Amino acid sequence: MATDWDVVIIGGGAAGIGAARRLAASGLSTLLLEASQRIGGRAWTVNIAGQALDLGCGWLHSADRNPWVDLAKASGFAVDRRSPAWGQQYRDLGFPQAEQDAADEAYEAWYERLAAVARHSDRAADALEPDATWNPYLQAISGYLSGAVLERLSIADYLAYDAASTGRNWRVPVGYGTLIAASLPPTVALRLATPVEAIDLAATGVSIVTRAGTLRARSAIVTVSTAVLAGGRIGLPSVLDDWCHAAANLPLGHDEKLFLEIVGDSAFDPETHVLGNPHDPHTGTYYIRPFGRPVIEGFFGGEGARVLAENGPAAGFAYATDQLAALFGDDVRSRLRPLVISNWSLTEYVGGAYSYALPGRAAAREALARPFEQRLFFAGEATHRNDFSTAHGAYQSGRRAADEVIAALTPHAP
């Protein structure tokens, strides 16, 4: 089969960019196909009202070992190393210190029970005490961290991430999405607005069917989300059913963001944080005036994010404003103006936030990461064993897949 490219990368998020950066110096002709009209995937910085706002990932997790930190430095982007205000309830509003201590103790007790429960169950909810006071709080935390309720969460998966995390979380003032999008090497060909409709296996190599025609390549790296793979958005031969089943066991969680603009004088101090209602599993958590900017970033996870996406932007902004007014007083209503809201669950070619493993299915990450016949390779945050759900895990998976391609196509390369 005559080939157009040595490697076609499908998906222009952090994983696709990681693969492109590794392949750029390999001598292999490389094309990156992105379904949407921008690169970055679930990293997306929008500039509204003069502010750089991350609608997707915003924190460089495990920053002391996160490769995006060095990439930011190399690109001339500043990195803010201040610790986040998470876990600190501004002025104890709506969450007295005694309740904060009790909630922390409930989390620690649940976490300690996980290891014991794991001997007979891999379902994180089985470590809850029935009808305990702080179960709604624990469900909210699960939503923020994993995008899912504890009933759907694998203990082994949760503990794998936690063991690998260093707890360092830094930021890029220009936006994480800006950094990731700026990191695509110019020597790699790019085609935007080119969704892949099917991947076919030829006698050698692969055929990639797009709306603009069919491409022939010696190999392809598939970096699309598990929702796209499991949902059949790309037609795949039946020999790849195991990969699709693995993706289905790693669904994308529900996590959404919204931003409110602070207008005029207000009671909001910079770099502070409040949890809307610690007794409500649907509650938002609010980062106030990040970098001193006149905005509030609301974050919703799990069932709270699902409801937010289903009810639409107006209801989401109203809910967030109500929660903030309940804490800061009704006067703040006149100081808050809706700016922008995400809807990752309904975003075409994405279908959710980041992956989590269903109970008993943590091994699906390694199953999804396996190459097929040295011509189809898989990357993306869901394929990382312990840094899943992060942009650096996605980046590392792209580099890993690119190394596999290089070994397959240039076996004698040093």
Inter-centroid distance (Cα atoms) of the stretch 324-358 relative to the stretch 67-109, Å: 18 Å
Max mean-square fluctuation residue, GNM over the chain, Cα-Cα springs under 10 Å, options Phe259, Phe291, Phe388: Phe291
Under 5 Å, built H, 5+ apart or other chain: amide partners of Glu197: Val209, Thr210, Arg211
Relative contact order of the chain, defined on C-alpha pairs under 8 angstrom at six or more residues apart (%): 25 percent
Percent of beta bridges antiparallel (DSSP, the chain, rounded to nearest 5): 70 percent
Relative contact order computed over the stretch 98-164 (Cα-Cα under 8 Å; 6+ residues apart), in percent: 34 percent
Ratio of the Cα radius of gyration of the stretch 1-97 to 2.2 N^0.38 Å, where N counts its residues: 1.51
Diffusion constant of the stretch 98-164 at 20 °C, which comes from Stokes-Einstein with the Kirkwood Cα-pair radius and 1.002 mPa s, µm²/s: 178 µm²/s
Over the stretch 127-207 - Rg/Rh using Cα atoms and the Kirkwood inverse-distance radius: 1.17
Most mobile listed residue (His282, His120, His245) in the chain, GNM with C-alpha springs under 10 Å: His120
Label-point separation, Ala407 to Ala315 (7 Å along Cα→Cβ), nm: 4.9 nm
Loop GluC sites (Glu not before Pro), the stretch 359-414, which have at most 12 other Cβ atoms in a 10 Å radius of their Cβ (DSSP): Glu373
Selected from Asp54, Asp265, Asp104 as most flexible by GNM, with the chain as the system and alpha-carbon contacts under 10 Å: Asp265
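All of the numbers you see were taken from the coordinates with simple rules; none came from a lab. On a predicted model such as this, the values are computed, not experimentally measured, just so you know. So basically every Cβ, Gly included, is an ideal-geometry build from the backbone, and we count neighbours across all protein chains shown.
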